[in-house]
There are 2 protein chains.
Amino acid sequence: MNFLTNDKLTIVGAAGMIGSNMVQTAIMMGLTPNICAYDPYAPALEGVAEEMCHSGFEGLRLTYTSDIAEALSGARYVVSSGGAARKAGMTREDLLKGNAEIAAQFGKDIRAYCPDVRHVVVVFNPADITGLITLVYSGLEPSRVSTLAALDSTRLQRELARHFGIAQDGVTGARTYGGHGEQMAVFASTTEVGGKPLAGLIGTPALTGEAWDEVRQRVIQGGKRIIELRGRSSFQSPAYLSVEMIRAAMGGAPFRWPAGVYVSRDGFDHIMMAMETKIDKDGVHYKVPHGTADEIAALRASYGHLVRLRDEVIAMGVLPPIAEWPRLNPHLK
Amino acid sequence: MNFLTNDKLTIVGAAGMIGSNMVQTAIMMGLTPNICAYDPYAPALEGVAEEMCHSGFEGLRLTYTSDIAEALSGARYVVSSGGAARKAGMTREDLLKGNAEIAAQFGKDIRAYCPDVRHVVVVFNPADITGLITLVYSGLEPSRVSTLAALDSTRLQRELARHFGIAQDGVTGARTYGGHGEQMAVFASTTEVGGKPLAGLIGTPALTGEAWDEVRQRVIQGGKRIIELRGRSSFQSPAYLSVEMIRAAMGGAPFRWPAGVYVSRDGFDHIMMAMETKIDKDGVHYKVPHGTADEIAALRASYGHLVRLRDEVIAMGVLPPIAEWPRLNPHLK
């Protein structure tokens with residue numbers, strides 16, 4: 001097999017459904033032979049590693065460990081789906097606090113064991129918040145951390161294709177920015193359907209205002225729908241897309257979707273959110289998207305939601321007040 | 001994306017853990033844009049298809065259906081993991097009978113809807129028996145049907161690499177033939193470890209007879225071990241390897257492991273079992289492996305086990321007596 005690099009890629013949460021799919025996806029994509037699978041739950045982790053060995057991949061040099069120091073030492077790329085799952089009786093706040101604490105520890109571990117990591121992709125929910133916390137505690141440059149934010153955009157592409165009855169890749173430039181689900185900002189102005197601007201179709205018989213609302217609702221409910229259909233959260237699509245992000249960061253094929261990125265410009269400050277991004281060997285770069293007044297208003301509303309979520313985590317004491325961030329991470333002025 | 005072919009590939013059992021991984025694996029391997037996912041359980045099937053859509057694969061033309069006629073019509077390649085899982089209180093015989101009946105129907109469906117299929121890979125357990133039943137009822141030429149049998153060989157490679165503390169692909173020619181698990185025939189004479197014949201190492205301090213027995217025991221218990229570790233049957237490795245078999249049948253990279261094949265030669269008659277095989281555009285071809293007297297004896301013993309299993313299914317009435325096979329499938333004389 002030919003690999004894109006020999007650099008060490010560490011997959012955090014590798015015993016889980018997303019993580020174990022990430023391991024297989026990263027191998028199949030030919031990213032690097034030097035993959036380290038990490039999970040605190042050792043038996044299932046070993047099971048995943050054994051399955052990869054039983055697949056007989058040529059050239060693979062897979063390692064696995066439940067020791068985070070060993071996992072991260074020397075890592076040049078890290079992708080983490082290592083959050084906690086929602087358990088019965090858990091409130092939204094319990095889940096937020098739990099994953100926020102995991103992200104804080106993850107950031108500290110990066111600082112301790114792989115401060116020279118080239119790129120970190122954070123996948124566990126709420127990814128914009130856990131990614132932000134990871135960034136603050138890691139001490140990394142903001143361009144070194146991105147979060148999975150593509151699923152809303154791919155779902156928009158898929159739902160538009162369904163509505164118009166065309167092949168999915170006949171819809172181009174499908175983009176949502178800001179936060180996820182209910183809070184995302186859908187940008188119609190960047191999208192084309194079979195070569196025609198989507199904006200010009202909305203409100204016509206081809207896509208009535210009602211039908212467009214329905215498309216957006218289906219996008220928002222996309223993750224919930226997978227749970228209803230499969231009886232479990234989506235795992236194949238987040239695994240695949242986040243490994244595509246790592247591929248781009250390694251210098252491979254460009255990542256074609258928005259990523260969550262640390263933003264501190266143009267009235268979007270001290271936040272992580274999906275923007276128009278490019279991921280390359282130097283990390284993640286962004287620009288604030290252009291759009292109609294309504295779209296920009298939606299983006300600002302989405303930002304406002306993320307600010308409230310961030311402030312909630314600050315109030316919980318998991319993330320320090322913004323004024324203290326530069327002490328933890330001098331790159332965050 | 002570049003695809004190996006535009007021919008239709010149907011994945012049977014696509015809502016299951018193995019099947020859904022097969023769908024993703026086949027897409028990522030770039031086999032064909034023309035993949036049809038089939039499963040009788042429609043909601044989970046739709047969930048799998050949605051996850052693939054949410055991954056944003058370029059050029060993909062995925063379809064899905066719970067109608068077997070629609071699924072198989074026009075299929076040039078078929079891979080099936082569509083067996084039943086063992087349920088609480090089920091005896092081994094219950095499971096065997098259930099999957100044998102599924103295989104009989106699968107064979108009839110192939111005959112009805114895709115008699116011109118180029119290759120069919122059968123994965124569900126016991127694969128040698130379900131593959132044989134599929135072949136008999138399908139009316140296909142024997143070279144058009146193979147079964148997943150590689151996992152014992154990849155596990156042998158993995159366990160030898162573990163014992164000798166070398167990279168897995170430093171072990172070459174690891175081969176088991178015949179049936180699976182307890183009944184497989186391990187061939188040491190084909191294997192090299194770091195360039196040295198394994199046969200010359202067995203019984204030396206490098207690999208005592210006891211250590212060799214231990215390696216073989218670990219291979220036999222490989223599948224059971226995954227269940228202990230992960231709390232579920234292996235799914236990533238069978239999915240990956242069976243899709244590699246389809247790739248070879250499409251004219252892609254050669255499949256590097258033994259496959260189960262219909263055998264009727266040299267005292268191995270009217271049976272499906274792992275032999276030394278090659279899979280190419282014309283299907284699966286085999287030769288009886290060379291080995292020591294002990295190895296050949298083990299292969300004959302493995303054959304004897306499969307004969308008893310086959311005769312058990314004949315006694316159940318799911319498979320007709322051998323004398324009647326040519327009436328169902330004129331290629332089986």
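Since every read-out is calculated from the coordinates, none of them should be taken as a lab result. Computed from a prediction, not measured in an experiment: that's the story for all the values here. Here the Cβ positions follow ideal geometry from the backbone for every residue, glycine too, while neighbour counts run over all protein chains shown.
Using the Cα centre of the range B:1-83 as the reference point, and only Cβ charges (+1 on K/R, -1 on D/E), how large is the resulting charge dipole? Debye, rounded to the nearest 20.
Once rounded to the nearest 20, the dipole reads 260 debye.
Only counting other Cβ atoms within 10 Å, I'd like B:M90, B:M184, B:M52, B:M29 sorted with the fewest neighbours first.
Placing the least packed residue first, the sequence is B:M90, B:M29, B:M52, B:M184.
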Open item on the list: Could you check the spin-label model distance between A:R265 and A:S73? Points 7 Å from the Cα along Cα→Cβ, value in nm.
Closed with: 3.8
- [ ] Run the quick spin-label model on A:S66 and B:K333: label points 7 Å from Cα toward the beta carbon, then report their separation in nm to one decimal.
- [x] 6.0
Task: Only Lys, Arg (+1) and Asp, Glu (-1) charged, at Cβ; the protein assembly as shown dipole about Cα centre in debye - done: 240
Open item on the list: Along the charge dipole of the protein assembly as shown, pointing to its positive end and built from +1/-1 on Cβ of Lys, Arg, Asp and Glu, which listed residue (A:I18, A:I322, B:V263) has its Cα farthest out?
Closed with: B:V263
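Just round it to a whole percent: the fraction of Cα-Cα distances in the range A:9-148 exceeding 19 Å.
47
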Open item on the list: Using Cβ counts within 10 Å as a stand-in for footprinting exposure, how do A:I271, B:I322, A:I133 rank, fewest first?
Closed with: B:I322, A:I271, A:I133
Task: Potential lengthening between A:D116 and A:N6 on full extension [0.36 nm per residue; Cα-Cα distance subtracted] - done: 38.0 nm
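For the cross-link pairs B:K281/B:K333; A:K87/A:K287; A:K287/A:K333; B:K196/B:K278, which exceed 26 Å when the distance is taken from alpha carbon to alpha carbon?
A:K87/A:K287
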Task: Neighbour-count ranking [beta-carbon atoms within 10 angstrom, fewest first] of A:S138, A:S66 - done: A:S66, A:S138
Task: Binned Cα-Cα distances of the protein assembly as shown, short to long, each 20 Å bin given as a whole percent - done: 18, 48, 28, 6, 0
Task: Semi-axis lengths, Å, chain B, gyration tensor of Cα atoms, sqrt of 5 times eigenvalues - done: 31, 24, 19
Task: Beta bridges per DSSP with both ends in chain A, % antiparallel, nearest 5 - done: 55
Task: the range A:178-228 versus the range B:8-64: alpha-carbon centroid distance in Å - done: 24
- [ ] Quote the charge dipole size of the range B:175-305 about the Cα centre in Debye, to the nearest 20; the model charges only the Cβ of Lys and Arg (+1) and of Asp and Glu (-1).
- [x] 420
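Under the Kirkwood approximation for Rh and a Cα-based Rg, what ratio Rg/Rh is obtained for the range A:238-333?
Ratio value, two decimals: 1.01.
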- [ ] Give a quick list of GluC sites (Glu not before Pro) in the range B:41-83 that DSSP marks as loop, anything other than H, G, I, E or B, with at most 11 other Cβ atoms within 10 Å.
- [x] B:E58
